[in-house]
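The next block holds one structure in the form of structure tokens; read it before the comments.
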Amino acid sequence: MEERRLLIAVALSLLVLTAYQMLFAPRPAPAPAPGAAASPAGAASPSPAAPPSPLASPAPARPAGAAAAAKASAVKGARGAAPAPAVQDERERRVEVATPDLVAAFSNRGAALVSWRLARYEDARGRPEEMVFATSGGPRPLALETGDVALDAQLREALYKPSAETLEVRPGLRGEIRFEYAEGDVRAEKALRFPAPGYCVEVQASVLRAGQALPVKVLWGPGVGNPTAGEMEVQGYQAPQAVFLGTQGVERLPPDTLGAGRMLGSVRWAGVESMFFAALWVPQGAPAELRAVPLPAGEDGKARIGPQAAVTLLPGQTVLLYVGPKDHDLLAGLGHDLQRVVPVGDWIGPIVVPLMKLMRWVHGGVGNYGWAIVVLTVLINLAMAPLRHYSIANGLKMAKLAPEMRVIQERYRKVPLLDPKRQDMQQEISELYARHGMSMGTQMAVGCLPLLLTMPFLIAFYRVLQVAIELRGASFMWIPDLSQKDPYFLTPILMGASMFWMQKMVPTGMDPAQQRIMLIMPVVLSGMFLWAPAGLNLYWLASNICSIVQQGITLHILRARDAAAAPKKERKRA
């Protein structure tokens, strides 16, 4: 009886315990949040039935998708790589950097450049000159490329988080702006350091996927600047093209010669240039590439292409980017042979550069580049005046013996060049020179040497006026811009008229047919230079006026000398 009661008691106890466990089961403990520190080994775990401590904080609610994140975390943890937290901006915004020389604006969508304005240079409307070519579609300057189409599209559309929305860099300091983006297993960073003053910026960029660094390209282009219609119609206008300095010197490549792209080997710098501005990468060991990209069709509906330059970077690698004027002195001070982007010429360059400095010095005194051109032209002509004096005097002597020279030449006109009788003609010409107190060799030297000595300086100053960025936007009297054509075509017309007058002043030994051809030349040159930069026409006009004045003075001196010598000759004959 007692054993039966004991068995019933045990059975009832088991039933009560089973029912209690089923009705009042304890809640499972929440899983620790990612990154939470694990309990130290050996620490006792509280009993599930133990009441919560009054000092303990309530467990935080798990966000939606926490189970999936925990699962992904477990998988990545098993692979040995910690997940990167997402980093991106909540909206699209404009990020601006201002220095004394430039104002750069970025969009955090793709961390791409949307504007790069030069504070010290103005466009036709008087606004800071814009270096970013206005185009729609395609990668913007300073966009990133990895070669993976899907990843590149993701990077272009990503909203990067900037380190600041505005950055002002004061003179003598340096400022930095950073852009960061991370989502899933992709992480991208871009950093730019701006000096003040200056146009040379340090650029760093990196893209990691699943913890692995990818070679990433940073772009500039297409082109640089936004030339106006007035600039493009000027004779000698240079359309944007690719340019680089390699082992063979400076090479310039129009976009239509780039094809699918050109990878460069060891180069000092590479980039794109226009007439007066350039955007140049200084790779410092990084691979560089030049390519052509499509542009929106022009007014004529024809497809166009523009040059683009890129450098390939690895994490931590720095390259320099120069975006600014093609100012020879400024670029020479930056090093890396950047000044060679200014086409001063190889053999004529040693004369061009000092003349550029001299023109700036004269401008500092007169305050206007038009008058600086006139003053410098006068100075050059004064330096060449002695040589031109001898050249004019030699021309007068040759004009006096020209009739007798033509008689000799007509007598031997039908004699072949290789016939021995040609030596007789040379002998008669030598005797003719002797009768007039002249030497054939001396007259040839006196006639050619002044031209050979003066031409390099004249060509060099002509080149100065082609490449000097100082003339861009410089006005003179009725001319609003010396780098563009004369709006009224007065300087080329006056240049042609002065050349015609100059030719009529000096007697010549040419035959009538040759004289007629020479008189047509001023008309031809005036027509050719109608659309030439006004600064060039002003220089040529000033040079012609100087020549006319010198010819008048030289002819007066020579005629006075001949008039004084005439009585002496008559007395000797008597």
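The values are calculated or read from the model by the stated rules, or taken from the named source; none is laboratory data. The structure displayed is predicted, hence computed values, not measured ones. Ideal geometry is used to build each Cβ from the backbone, glycine not excepted, and the neighbour counts take in all protein chains shown. These area figures cover heavy atoms from the full protein model, side chains too; ligands, DNA and RNA do not enter into them. Shrake-Rupley method; radii C 1.70, N 1.55, O 1.52, S 1.80 Å.
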Check: Would a scan of segment 311-320 turn up a residue that is open to solvent by 10 Å² or more (accessible area, probe 1.4 Å), in contact with a Cys (Cβ under 6 Å, 6 or more places away or on another chain) and aliphatic (A, V, I, L, M)?
Finding: yes
Next item on the list: Among the residues of segment 174-193, count how many are within 19 Å of residue 93 (Cβ to Cβ) and either buried (at least 19 other Cβ atoms within 10 Å of the Cβ) or in contact (Cβ under 8 Å) with a residue 60 or more places away in the chain (or both).
Entry: 11
Note to self: I'm trying to understand the selection: among the residues of segment 267-276, which are among the hydrophobic types (A, V, I, L, M, F, W, C), open to solvent by 10 Å² or more (accessible area, probe 1.4 Å) and touching a strand residue (DSSP E or B) at 6+ places or on another chain (Cβ under 8 Å)?
What the structure shows: 267, 276
Item checked: Test: residue in segment 259-266 that is in a strand (DSSP E or B), open to solvent by 30 Å² or more (accessible area, probe 1.4 Å) and out of contact with any Cys (no Cβ under 8 Å at 6 or more places or on another chain) -> yes
Note to self: Condition first: assigned to a loop (DSSP other than H, G, I, E, B) and not β-branched (Val, Ile, Thr). Now tell me which residues in segment 169-193 satisfy that.
What the structure shows: 170, 171, 172, 173, 184, 185
Next item on the list: Please work out if residue 375 is open to solvent by 20 Å² or more (accessible area, probe 1.4 Å), at pLDDT 95 or above and either part of a strand (DSSP E or B) or β-branched (Val, Ile, Thr) (or both).
Entry: yes
Notebook entry, point to check: Inside segment 462-488, can you point out the residues that are modelled with pLDDT of 90 or more, surrounded by fewer than 22 Cβ atoms within 10 Å (Cβ to Cβ) and of a type in the set (Ser, Thr, Tyr)?
Noted result: 475, 488
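Test residue 349 against the stated conditions and say whether it is surrounded by fewer than 19 Cβ atoms within 10 Å (Cβ to Cβ) and out of contact with any Lys or Arg (no Cβ under 8 Å at 6 or more places or on another chain).
Yes, satisfied.
Restricting to segment 278-298, name every residue that is part of a strand (DSSP E or B) and open to solvent by 10 Å² or more (accessible area, probe 1.4 Å).
289, 291, 292, 293, 294, 295, listed by residue number.
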Margin query: Of all residues being at positive phi and touching a residue at least 24 places away in the same chain (Cβ under 8 Å) in segment 110-137, which is farthest from the chain's Cα centre (by Cα)? Just the residue, please.
Written below: 110
Note to self: Need pairs with beta-carbon distance below 9 Å; first residue over 16 Å from residue 283 (Cβ atoms) and within segment 246-262, second at pLDDT 90 or above and open to solvent by 80 Å² or more (accessible area, probe 1.4 Å); sequence gap 6+ or separate chains.
What the structure shows: 249/340; 253/262
Note to self: Need pairs with beta-carbon distance below 6 Å; first residue open to solvent by 100 Å² or more (accessible area, probe 1.4 Å) and within segment 408-428, second outside any helix (DSSP H, G or I); sequence gap 6+ or separate chains.
What the structure shows: 421/415
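Could you list, in sequence order, all residues of segment 194-236 that are in a strand (DSSP E or B), crowded, with 16+ Cβ neighbours inside 10 Å and not β-branched (Val, Ile, Thr)? Can you show your working first?
Filtering segment 194-236 for residues in a strand (DSSP E or B) gives 194-195, 200-209, 212-214, 216-220.
Checking the rest, the ones that are also crowded, with 16+ Cβ neighbours inside 10 Å come to 194-195, 200-208, 214, 216-220.
Those that are in a strand (DSSP E or B), crowded, with 16+ Cβ neighbours inside 10 Å and not β-branched (Val, Ile, Thr): 194, 195, 200, 202, 204, 205, 206, 208, 214, 217, 219, 220.
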